[in-house]
1. Confirm whether residue 117 is closer than 20 Å to residue 329 by Cα and assigned to a loop (DSSP other than H, G, I, E, B).
2. Taking segment 117-143 as the search range and keeping residues that are touching a Phe, Trp or Tyr at 6+ places or on another chain (Cβ under 9 Å) and more than 16 Å from residue 82 (Cβ to Cβ), which one is farthest from ligand 1 (Cβ to nearest atom)?
3. Check whether at least one residue in segment 265-288 is in contact (Cβ under 8 Å) with a residue 24 or more places away in the chain, more than 23 Å from residue 189 (Cβ to Cβ) and either not hydrophobic (A, V, I, L, M, F, W, C) or not assigned by TED's automatic domain parsing to the domain that holds residue 448 (or both), and report yes or no.
4. Only one residue in 424, 341, 333 is over 30 Å from residue 317 (Cα atoms) and surrounded by 13 or more Cβ atoms within 10 Å (Cβ to Cβ). Which one?
5. So, of the residues in segment 268-284 that are part of a loop (DSSP other than H, G, I, E, B) and among the aliphatic types (A, V, I, L, M), which turns out to be farthest from residue 335 (Cα to Cα)?
6. List the helices (runs of 4 or more DSSP H) inside segment 367-475, counting only whole elements, that have at least 1 residues being within 24 Å of residue 90 (Cα to Cα) and modelled with pLDDT of 95 or more.
7. So, in segment 438-449, of the ones that are surrounded by fewer than 24 Cβ atoms within 10 Å (Cβ to Cβ) and under 18 Å from residue 182 (Cβ atoms), which residue ends up nearest to ligand 2 (Cβ to nearest atom)?
8. For residues that are free of Cβ contacts under 8 Å to residues at least 40 places away in the same chain and part of a helix (DSSP H, G or I), scanning just segment 120-140, find the one that is nearest to residue 330 (Cα to Cα).
Amino acid sequence: MADELLKFVSIEQQMPSKREAESRLGDFREVYAGFDPKGAKQQASRCSQCGVPFCHIHCPLGNNIPDWLKLTAEGRLEDAYEMAVSTNNMPEICGRICPQDRLCEGNCVIEKDFDAVTIGSVEKYIADTAWDKGWVKPITPVTERDQSVGIIGAGPAGLAAAEQLRIAGYQVHIYDRHDRAGGLLVYGIPGFKLEKDVVGRRTGRLEQSGIHFHLDFEIGHEATLSEIRDKHDALLIATGVYRARSLKTPGVGLEGIREALDYLIAANKRDFGDTVPELENGNLDAAGKNVVVIGGGDTAMDCVRTAVRQGAKSVKCVYRRDRANMPGSAREVTNAEEEGVEFVWLSGPEAFLGDEKIDAVRAYQMRLGAPDGTGRQAPEPVPDSSYSMDCDLAILALGFEPENLPSLFGAPELRVTRWGTVTVDHDSMMTNLEGVFAAGDIVRGASLVVWAIRDGRDAAVSIQKFLEQQKAVAA
Ligand code: FAD
Ligand code: SF4
Ligand code: SF4
């Protein structure tokens with residue numbers, strides 16, 4: 001074993017430095033700094049190089065974590081980067097936004113007695129260094145192939161598949177209804193978790209690699225599924241899930257009650273420097289307002305933290321379960337509290353109040369009752385517990401479901417599940433339509449970036465197999 005390793009007994013866990021809340025509130029820049037070379041080397045050297053590395057088993061991409069930690073501890077960063085990108089198309093992005101406490105780091109064997117190796121931060125350091133040093137180059141396929149693949153959706157699933165297929169030499173065309181590539185990486189996740197240029201340099205590299213981006217191009221509007229299918233030898237549907245779950249609470253139609261993604265997209269566009277009419281006229285701007293966000297997941301955390309940065313008068317997060325049972329990352333809750341967000345646990349909206357425009361939310365207290373079908377304790381209202389809170393902007397962050405794709409795509413023959421996710425053969429990821437594959441949230445339901453990348457990579461393998469068979473039949 002190299003001298004550089006097994007230092008977890010003598011070196012304590014140290015995360016990269018975090019900006020003070022006061023300075024964070026003034027902008028949308030990332031909260032965490034990166035490691036410096038010494039810090040990265042030291043933290044990587046804490047790894048005990050387990051024979052059975054649970055970190056690797058619990059990383060959805062099966063990253064060779066102990067190997068690139070060892071290379072980092074030895075100062076062999078270019079080799080570490082090559083190893084990191086062999087399994088992950090966006091290591092610097094996963095290093096920033098994976099919920100590591102539930103995945104790799106949460107399963108690090110030294111976590112119990114010594115605090116986990118800071119795997120995500122080291123991964124980010126390796127890949128950021130590679131960009132800084134110019135080691136990240138456009139793809140030059142060994143052979144160019146004449147078959148083409150159309151990909152609908154430029155989120156992490158579509159981008160990962162596109163990269164893998166381009167490496168194999170296929171002609172790749174990505175269609176996206178937004179004006180920028182990246183999916184939720186650019187228009188969902190705010191800059192304080194993931195700065196825009198970190199995504200832009202990845203998508204820019206794909207463009208320089210010969211991948212064709214057709215932006216502002218919505219399948220179902222600019223073309224039907226079958227029209228786009230006719231243009232390519234294979235197709236991948238990677239459209240994500242965007243239909244917001246709604247509430248039936250009285251008053252939900254009042255002005256000033258908005259969906260989370262409308263709010264986040266507007267804020268993210270402004271972060272790009274775009275002029276956004278609904279921010280200009282104040283409708284979607286939290287400045288000076290009492291903001292109430294309903295929900296307890298990552299989307300709710302992104303909304304509350306955006307609202308405090310926009311200069312809201314007060315920001316409350318209303319969630320029906322308690323802190324221990326919320327789906328959002330514990331790290332993000334702590335960050336939000338530091339930034340001045342108030343969490344109202346065990347509460348649910350009873351009514352939205354106001355004439356035309358919302359001016360208050362009436363909520364009731366909840367308690368956790370018997371476990372439901374999923375084993376989680378179901379929240380139930382406490383009788384006679386109503387109270388009100390001032391509110392000028394209410395943001396609903398209750399999760400997302402798939403849109404009705406067969407209808408949107410003009411393709412009633414496309415098979416979907418009863419939840420609206422696209423049905424695929426789980427080995428090949430092919431839908432019921434020959435040569436049409438699907439990956440990411442549109443198959444799994446709302447999930448994580450790292451799973452979307454995994455699905456995109458798996459779909460690329462199946463697409464390549466399919467195209468090779470087609471070629472063999474035609475020969
Ligand atoms: P998406 O990223 O949704 O991309 C789908 C793309 O398809 C979009 O660009 C869309 O414009 C395009 N599209 C849709 N329909 C059409 C059409 N008809 N024609 C053309 N284009 C179309 N995950 C994490 O791991 N960490 C986090 O911190 C995190 N934070 C999140 C915060 C928010 C606010 C949200 C909403 C999600 C967050 N997630 C997070 C989840 C993560 O973003 C998703 O799981 C992931 O982006 C899914 O990738 P995807 O490629 O399947 O879909
Ligand atoms: Fe951990 Fe995510 Fe990186 Fe895997 S991709 S090692 S889960 S941070
Ligand atoms: Fe290293 Fe922790 Fe992975 Fe073991 S589980 S190989 S100590 S990072």
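The values are calculated or read from the model by the stated rules, or taken from the named source; none is laboratory data. All of these numbers come straight from a predicted model, not from anything done at the bench. Virtual Cβ from ideal backbone geometry, glycine too; neighbours counted across all protein chains shown.
1. yes
2. Checked segment 117-143; the qualifying residue farthest from ligand 1 (Cβ to nearest atom) is 141.
3. Yes, segment 265-288 has at least one match.
4. So the residue among 424, 341, 333 that is over 30 Å from residue 317 (Cα atoms) and surrounded by 13 or more Cβ atoms within 10 Å (Cβ to Cβ) is 424.
5. Applying the first criterion (part of a loop (DSSP other than H, G, I, E, B)) to segment 268-284 yields 272-276, 281-284.
From the residues that got through so far, the ones that are among the aliphatic types (A, V, I, L, M) too are 276, 284.
On the way: 276: 27, 284: 23 Å.
Per the criteria, the residue is 276.
6. 441-444, 449-474
7. 448
8. 120
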